[in-house]
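The values are calculated or read from the model by the stated rules, or taken from the named source; none is laboratory data. Computed from a predicted structure; not experimentally measured. We place every Cβ from the backbone using ideal geometry, glycine too, and count neighbours over all the protein chains shown.
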Amino acid sequence: MKALVFHGPRNVSVDTVDDPKLKDSRDAIIRVTSTAICGSDLHIYNGSLPTSPMVLGHEFMGIVEEVGRGVGNLKRGDRVVVPFPVACGTCFFCNHALPGHCENSNPEHYGPRVA
(Lines give C-alpha, C1' and ligand atoms only; values in the text may rest on other atoms or scores of the structure.)
Protein backbone atom coordinates (compact mmCIF):
# COMPACT_ATOMS: atom_id res chain seq x y z
CA MET A 1 0.00 0.00 0.00
CA LYS A 2 1.05 3.63 -0.36
CA ALA A 3 1.78 5.75 2.72
CA LEU A 4 3.39 9.07 3.63
CA VAL A 5 6.66 8.09 5.32
CA PHE A 6 8.80 10.38 7.50
CA HIS A 7 12.52 9.76 6.85
CA GLY A 8 13.97 12.68 8.81
CA PRO A 9 13.37 16.37 9.45
CA ARG A 10 11.64 17.90 6.40
CA ASN A 11 12.12 14.67 4.47
CA VAL A 12 8.90 12.79 3.67
CA SER A 13 7.84 10.76 0.65
CA VAL A 14 4.99 8.59 -0.53
CA ASP A 15 6.36 5.06 -0.32
CA THR A 16 5.10 1.54 -0.80
CA VAL A 17 4.90 -0.13 2.63
CA ASP A 18 3.68 -3.51 3.86
CA ASP A 19 -0.07 -3.96 4.14
CA PRO A 20 -1.23 -3.82 7.77
CA LYS A 21 -1.99 -7.00 9.67
CA LEU A 22 -4.06 -7.62 12.78
CA LYS A 23 -1.65 -7.95 15.71
CA ASP A 24 -4.12 -7.88 18.60
CA SER A 25 -7.66 -9.21 18.96
CA ARG A 26 -8.82 -5.58 19.45
CA ASP A 27 -7.26 -4.29 16.20
CA ALA A 28 -9.11 -3.13 13.11
CA ILE A 29 -7.78 -2.49 9.63
CA ILE A 30 -9.27 0.61 8.01
CA ARG A 31 -9.03 1.57 4.33
CA VAL A 32 -8.33 5.30 4.48
CA THR A 33 -10.61 7.38 2.29
CA SER A 34 -9.72 10.87 3.56
CA THR A 35 -7.02 12.30 5.80
CA ALA A 36 -5.11 15.46 6.68
CA ILE A 37 -2.15 16.50 8.78
CA CYS A 38 -2.27 17.96 12.26
CA GLY A 39 0.09 19.89 14.50
CA SER A 40 1.77 16.79 15.87
CA ASP A 41 2.64 15.73 12.30
CA LEU A 42 4.23 19.15 11.79
CA HIS A 43 6.30 18.77 14.97
CA ILE A 44 7.64 15.48 13.61
CA TYR A 45 8.15 16.91 10.09
CA ASN A 46 10.14 19.89 11.42
CA GLY A 47 12.34 17.68 13.61
CA SER A 48 11.01 18.94 16.96
CA LEU A 49 10.41 15.37 18.14
CA PRO A 50 13.17 12.78 17.80
CA THR A 51 11.82 9.83 15.90
CA SER A 52 12.86 7.15 13.44
CA PRO A 53 11.28 6.55 10.02
CA MET A 54 7.53 6.13 10.43
CA VAL A 55 4.24 6.35 8.55
CA LEU A 56 2.55 9.71 9.21
CA GLY A 57 -1.17 10.31 9.56
CA HIS A 58 -3.22 9.42 12.59
CA GLU A 59 -6.44 11.36 11.96
CA PHE A 60 -8.51 9.97 9.13
CA MET A 61 -11.79 8.62 7.85
CA GLY A 62 -12.23 5.27 6.21
CA ILE A 63 -14.00 1.98 5.77
CA VAL A 64 -13.48 -1.05 8.02
CA GLU A 65 -11.82 -3.85 6.05
CA GLU A 66 -11.11 -6.35 8.84
CA VAL A 67 -11.54 -6.61 12.60
CA GLY A 68 -9.98 -8.77 15.29
CA ARG A 69 -12.14 -11.26 17.14
CA GLY A 70 -12.17 -9.02 20.23
CA VAL A 71 -13.87 -6.15 18.37
CA GLY A 72 -17.61 -6.17 18.96
CA ASN A 73 -18.69 -2.70 17.88
CA LEU A 74 -17.37 -2.64 14.28
CA LYS A 75 -17.83 -4.81 11.23
CA ARG A 76 -16.49 -4.93 7.67
CA GLY A 77 -17.97 -2.09 5.61
CA ASP A 78 -18.60 0.31 8.52
CA ARG A 79 -17.52 3.90 7.88
CA VAL A 80 -15.43 5.35 10.71
CA VAL A 81 -13.67 8.51 11.83
CA VAL A 82 -10.43 7.95 13.73
CA PRO A 83 -9.55 10.93 15.94
CA PHE A 84 -6.43 11.73 17.87
CA PRO A 85 -5.70 10.29 20.36
CA VAL A 86 -6.32 6.60 19.92
CA ALA A 87 -6.45 5.02 23.36
CA CYS A 88 -7.08 1.58 24.85
CA GLY A 89 -9.37 2.80 27.63
CA THR A 90 -7.95 0.38 30.19
CA CYS A 91 -4.33 1.30 31.04
CA PHE A 92 -3.23 3.46 34.00
CA PHE A 93 -3.34 6.68 31.98
CA CYS A 94 -6.71 6.00 30.33
CA ASN A 95 -8.16 5.17 33.76
CA HIS A 96 -6.91 8.53 35.05
CA ALA A 97 -8.49 10.61 32.23
CA LEU A 98 -5.19 10.93 30.34
CA PRO A 99 -5.87 9.05 27.07
CA GLY A 100 -3.22 11.10 25.24
CA HIS A 101 -0.63 9.20 27.29
CA CYS A 102 -2.06 5.73 26.60
CA GLU A 103 0.69 3.15 26.98
CA ASN A 104 -1.02 0.63 24.69
CA SER A 105 -2.02 2.65 21.62
CA ASN A 106 1.48 2.55 20.08
CA PRO A 107 3.56 0.05 22.07
CA GLU A 108 6.45 -0.07 19.58
CA HIS A 109 7.16 3.65 20.16
CA TYR A 110 6.07 4.09 23.79
CA GLY A 111 8.48 5.40 26.41
CA PRO A 112 12.14 6.38 26.26
CA ARG A 113 14.51 4.84 23.77
CA VAL A 114 17.16 2.54 25.14
CA ALA A 115 20.40 2.38 23.21
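Residue-by-condition table, conditions (1) in contact with a Gly (Cβ under 9 Å, 6 or more places away or on another chain); (2) of a type in the set (Gly, Ala, Ser); (3) under 23 Å from Cys88 (Cβ atoms); (4) in the same structural domain as Val67 (by TED's automatic domain parsing):
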residue	(1), (2), (3), (4)
Arg10	yes, no, no, yes
Thr16	no, no, no, yes
Lys21	no, no, yes, yes
Asp24	yes, no, yes, yes
Ile30	yes, no, yes, yes
Thr35	yes, no, yes, yes
Asp41	yes, no, yes, yes
Asn46	no, no, no, yes
Val55	no, no, yes, yes
* Structure fact -> Okay, strands (runs of 3 or more DSSP E) sitting entirely in region 17-105 with 2 or more residues that are under 17 Å from Ala3 (Cβ atoms) and in contact (Cβ under 8 Å) with a residue 12 or more places away in the chain, I get 28-35, 60-67
* Asked: Of the residues that make up region 60-80, is at least one surrounded by 12 or more Cβ atoms within 10 Å (Cβ to Cβ), over 13 Å from the mean Cα position of the chain (by Cα) and of a type in the set (Phe, Trp, Tyr)?
  -> no
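State yes or no: is Phe93 out of contact with any Ser or Thr (no Cβ under 6 Å at 6 or more places or on another chain), on the phi < 0 side of the Ramachandran plot, hydrophobic (A, V, I, L, M, F, W, C) and at pLDDT 85 or above? Spell out how you get there, then give the answer.
Working: out of contact with any Ser or Thr (no Cβ under 6 Å at 6 or more places or on another chain): yes; on the phi < 0 side of the Ramachandran plot: yes; hydrophobic (A, V, I, L, M, F, W, C): yes; at pLDDT 85 or above: yes.
Yes, satisfied.
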* Considering region 96-115 alone, what residues qualify as being loosely packed, with under 11 Cβ neighbours inside 10 Å, at pLDDT 80 or above and hydrophobic (A, V, I, L, M, F, W, C)? -> Ala97
* Asked: Looking only at region 38-53, which residues are exposed (fewer than 15 other Cβ atoms within 10 Å of the Cβ) and hydrophobic (A, V, I, L, M, F, W, C)?
  -> Cys38, Leu42, Leu49
